[in-house]
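Q: After the structure tokens below, expect a handful of questions from me.
The values are calculated or read from the model by the stated rules, or taken from the named source; none is laboratory data. Since the structure is predicted, the reported quantities are computational estimates derived from the model, not experimental observations. Virtual Cβ from ideal backbone geometry, glycine too; neighbours counted across all protein chains shown.
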Amino acid sequence: MAAKIRTRYAPSPTGRMHVGNLRTALYEYLITKHEGGDYILRIEDTDQERFVEGATELIYDALKKTGLKHDEGPDIGGPVGPYVQSERQASGIYLDYAKQLVDKGEAYYCFCTPERLATLKQVIDGKEVTVYDKHCLHLSKEEIEKNLAEGKPYVIRQNNPTEGTTTFHDELYGDITVDNKELDDMILIKSDGFPTYNFANVVDDHLMGITHVVRGNEYISSTPKYNRLYEAFGWEIPKYIHCPLITDEDHHKLSKRSGHSSFEDLLEQGFLVETVVNFIALLGWSPEDNEEILSLDELIEKFDYHRINKSPSVFDYTKLKWMNGEYLKRMDDDKFYELALPYMKEVITKDIDFHKIAAMVKTRIEIWPDIAGMVDFFEKVPEYDNAIYFNKKMKTDAESALPVLKELLPLVESIDDYSNDNLFASIKQFVTDKGYKNGFVLWPLRIALSGKEQTPCGGTEIMEVLGKEESIARIKAAIAKLEA
Ligand code: GLU
């Protein structure tokens, strides 16, 4: 039997859970669980400057809500802990490993001052970067020891070749070869003694037995440097799976500006967690059968990582809303009612049958905030123009509506059983007796009761919810408005 695969989700606690990070977490989880492997959570907090208070809690919260249950992690422990990099750093492991590389000639101490480094700045692809010139690689052993003894601030840099090429393999992109002159001597240990992400991730992935590394493709350019580290240590290189960029509808990298770039944003906007997970799974992947509505279990079953796309995937907000509507339609009625109630109560203060209203909107809304505009007329008829009585197909308008409503009034006043079934049967009978067409009566009735061209239900259903007194009052008010 093949050894279990091990993946890690390694977020940095720097703020809200970006959709791209959640997708990485999800893909890692799906790849792992598809193969029955172990999913590890590691918190990468060595960049003290980017650390945001409370962000670690957001990570736990998002994993819990989405059901991405880790098998090892800071909160539950495991055989290869600690699972927080700052705690690992405290034991000095990163520095120890970096010193091993120094001994092998694969890394070196660098004592250059910020002033000197400032002179090495270059603009590459419009971005200002410091390309280190290996100045300190040539320091003598004595100079290095003297500097260290004097307590001069230092960093440890990777010693990369400047000639030849380095090739690495990605499971999706195949072999990628880069010119070694593009590999800068990146910092492994910073002057504050903390490792850089670039170094810590390699050490930890090795020590934690990670077999598959899944991450955004912005890391592709760093991967040859990681591989040189693995090779310098003589460690086995994991399988790499780089995921495509996620863009907004304008094909720019999905950023905060879009207003929906994080998991938390989406929940605040009223999306269901199940929808978000399903939608994010399809940002760069699709199953062979092209099925779009997939539960987490179905995703696990179908997730073949070879089907991850290489081209950027567009975050289609309209599709997200559609998908949420599909989840709402499938939701258990009682659960839907519970969750919809606060949104109905936002616009309806009277004591009416909210169960009936919930049933009306269930198949019609896409997200919770759609409810308000759909049911507010139950509270009060909005201001409207009599022109909305016009309907070409139903052959009605304000002029024809007036006599019809006047004829209907005594009938609805005479009915005592205000159930939808009874109301509908009585009005249907009235329509037949008068020789009218259904819509010729029902269209103006619904407008008189709601003041709206579009409602989530028919006139008699509105009457059932409003009750006799209010229904009659509304019809009378509509007649008066048509007469005015
Ligand atoms: N800590 C890195 C981040 O949050 C992880 C990248 C990786 O998965 O290696 O971007």
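Q: In this structure, does L188 turn out to be crowded, with 22+ Cβ neighbours inside 10 Å and away from the ligand (no atom under 14 Å from the Cβ)?
A: On the way: crowded, with 22+ Cβ neighbours inside 10 Å: yes; away from the ligand (no atom under 14 Å from the Cβ): yes.
The answer is yes for L188.
Q: Name the single residue, out of those in the stretch 238-265 being closer than 28 Å to D304 by Cβ and free of Cβ contacts under 8 Å to residues at least 40 places away in the same chain, that is surrounded by the fewest Cβ atoms within 10 Å (Cβ to Cβ).
A: Across the stretch 238-265, the extreme among qualifying residues is K253.
Q: Might you check whether a residue that is under 28 Å from A484 (Cβ atoms), without any contact (Cβ under 8 Å) to a residue 40 or more places away in the chain and in a helix (DSSP H, G or I) occurs anywhere in the stretch 381-390?
A: Narrowing the stretch 381-390 to residues under 28 Å from A484 (Cβ atoms): 381-390.
From the residues that got through so far, the ones that are without any contact (Cβ under 8 Å) to a residue 40 or more places away in the chain too are 385, 387, 390.
Applying the additional criterion that residues be in a helix (DSSP H, G or I) yields 387.
Checked the stretch 381-390: at least one residue is under 28 Å from A484 (Cβ atoms), without any contact (Cβ under 8 Å) to a residue 40 or more places away in the chain and in a helix (DSSP H, G or I).
Q: So, in the stretch 119-139, exactly how many residues are surrounded by 10 or more Cβ atoms within 10 Å (Cβ to Cβ) and either touching a residue at least 60 places away in the same chain (Cβ under 8 Å) or in a helix (DSSP H, G or I) (or both)?
A: Here the count works out to 3.
Q: Right, next: Name the residue, out of K33, K4, that is modelled with pLDDT of 95 or more, more than 14 Å from the ligand (Cβ to nearest atom), basic (K, R) and farther than 24 Å from V52 by Cβ.
A: K33
Q: Take the residues in the stretch 140-155 that are closer than 25 Å to L229 by Cα and more than 45 Å from the chain's Cα centre (by Cα); name whichever of them is surrounded by the most Cβ atoms within 10 Å (Cβ to Cβ).
A: Going through the stretch 140-155, the residues closer than 25 Å to L229 by Cα turn out to be 140-141, 144-145, 148, 153-155.
Still in the list and also more than 45 Å from the chain's Cα centre (by Cα): 140-141, 144-145, 148.
Details: S140: 8, K141: 7, I144: 18, E145: 12, L148: 12.
Of everything passing the filter in the stretch 140-155, I144 is surrounded by the most Cβ atoms within 10 Å (Cβ to Cβ).
Q: Further question: Looking at the stretch 191-232 only, could you name the residues that are more than 11 Å from the ligand (Cβ to nearest atom), surrounded by fewer than 16 Cβ atoms within 10 Å (Cβ to Cβ) and assigned to a helix (DSSP H, G or I)?
A: L207, S221, E231 - these are the residues of the stretch 191-232 that are more than 11 Å from the ligand (Cβ to nearest atom), surrounded by fewer than 16 Cβ atoms within 10 Å (Cβ to Cβ) and assigned to a helix (DSSP H, G or I).
Q: Give me a count of the residues in the stretch 431-454 that are farther than 18 Å from K393 by Cβ and surrounded by 16 or more Cβ atoms within 10 Å (Cβ to Cβ).
A: Of the residues in the stretch 431-454, the ones farther than 18 Å from K393 by Cβ are 432-435, 448-451.
Next, from what is left, pick out any that are surrounded by 16 or more Cβ atoms within 10 Å (Cβ to Cβ): 448-451.
The total comes to 4.
Q: Name every residue in the stretch 253-283 that is among the small types (G, A, S) and more than 21 Å from E28 (Cβ to Cβ), in order of residue number. Before you say what the answer is, go through the steps one by one.
A: Kept after step one, since they are among the small types (G, A, S), are these residues of the stretch 253-283: 255, 258-259, 261-262, 270, 281.
Listed by number, the residues that qualify are S255, S258, G259, G270.
Q: In this structure, is F440 among the aromatic types (F, W, Y) and free of Cβ contacts under 8 Å to residues at least 40 places away in the same chain? Give the derivation first.
A: Numbers: among the aromatic types (F, W, Y): yes; free of Cβ contacts under 8 Å to residues at least 40 places away in the same chain: no.
Judged against the criteria, F440 is not a match.
Q: Go through the stretch 36-53 and count every residue that is acidic (D, E), within 20 Å of P238 (Cβ to Cβ) and more than 12 Å from the ligand (Cβ to nearest atom).
A: So the answer is 1.
Q: What's the number of the condition N324 fails, among (1) among the polar types (S, T, N, Q); (2) crowded, with 17+ Cβ neighbours inside 10 Å; (3) over 26 Å from the mean Cα position of the chain (by Cα)?
A: (3)
Q: Could you tell me whether A387 is at pLDDT 95 or above, over 29 Å from I31 (Cβ atoms), touching a helix residue (DSSP H, G or I) at 6+ places or on another chain (Cβ under 9 Å) and surrounded by 15 or more Cβ atoms within 10 Å (Cβ to Cβ)?
A: Details: at pLDDT 95 or above: yes; over 29 Å from I31 (Cβ atoms): yes; touching a helix residue (DSSP H, G or I) at 6+ places or on another chain (Cβ under 9 Å): yes; surrounded by 15 or more Cβ atoms within 10 Å (Cβ to Cβ): no.
For A387, the condition - at pLDDT 95 or above, over 29 Å from I31 (Cβ atoms), touching a helix residue (DSSP H, G or I) at 6+ places or on another chain (Cβ under 9 Å) and surrounded by 15 or more Cβ atoms within 10 Å (Cβ to Cβ) - is not met.
Q: Test each condition in (1) in contact (Cβ under 8 Å) with a residue 40 or more places away in the chain; (2) part of a helix (DSSP H, G or I) for D334 and report the one that comes out false.
A: All conditions pass for D334, except number (1).
Q: Which pairs have Cβ atoms under 6 Å, sit 6 or more apart or on different chains, and link a residue in the stretch 7-18 that is more than 7 Å from the ligand (Cβ to nearest atom) to one that is of a type in the set (F, W, Y) and not in a loop (DSSP other than H, G, I, E, B)?
A: T7/Y39; M17/F263
Q: Now for a different question. Name the pairs: first residue in the stretch 354-370 and of a type outside the set (A, V, I, L, M, F, W, C), second residue at pLDDT below 95, Cβ to Cβ under 6 Å, at least 6 apart or on different chains?
A: P369/G270
Q: Can you confirm whether the stretch 233-253 contains a residue that is of a type in the set (D, E) and either part of a helix (DSSP H, G or I) or within 15 Å of the ligand (Cβ to nearest atom) (or both)?
A: No: the stretch 233-253 contains no residue that is of a type in the set (D, E) and either part of a helix (DSSP H, G or I) or within 15 Å of the ligand (Cβ to nearest atom) (or both).
Q: When both residues are 6+ apart or on different chains and their Cβ atoms are under 7 Å apart, which pairs have a first residue that lies in the stretch 197-208 and is over 14 Å from S12 (Cβ atoms), and a second that is of a type outside the set (D, E, K, R) and within 10 Å of the ligand (Cβ to nearest atom)?
A: The qualifying pairs are V202/Y226; D205/V213.
Q: Assess whether T130 counts as being farther than 21 Å from D205 by Cβ, hydroxyl-bearing (S, T, Y) and within 41 Å of the chain's Cα centre (by Cα).
A: Working: farther than 21 Å from D205 by Cβ: yes; hydroxyl-bearing (S, T, Y): yes; within 41 Å of the chain's Cα centre (by Cα): yes.
Answer is yes for this residue.
Q: Let me ask something additional. What is the residue count in the stretch 397-437 for residues that are touching a residue at least 40 places away in the same chain (Cβ under 8 Å) and closer than 25 Å to N386 by Cβ? Outline the logic, then answer.
A: We begin by selecting, within the stretch 397-437, every residue touching a residue at least 40 places away in the same chain (Cβ under 8 Å); these are 398, 400-402, 404-406, 408-409, 412-413, 415-416, 418-420, 423, 437.
Adding the requirement that they be closer than 25 Å to N386 by Cβ leaves 398, 400-402, 404-406, 408-409, 412-413, 423, 437.
Of the residues in that region, 13 qualify.
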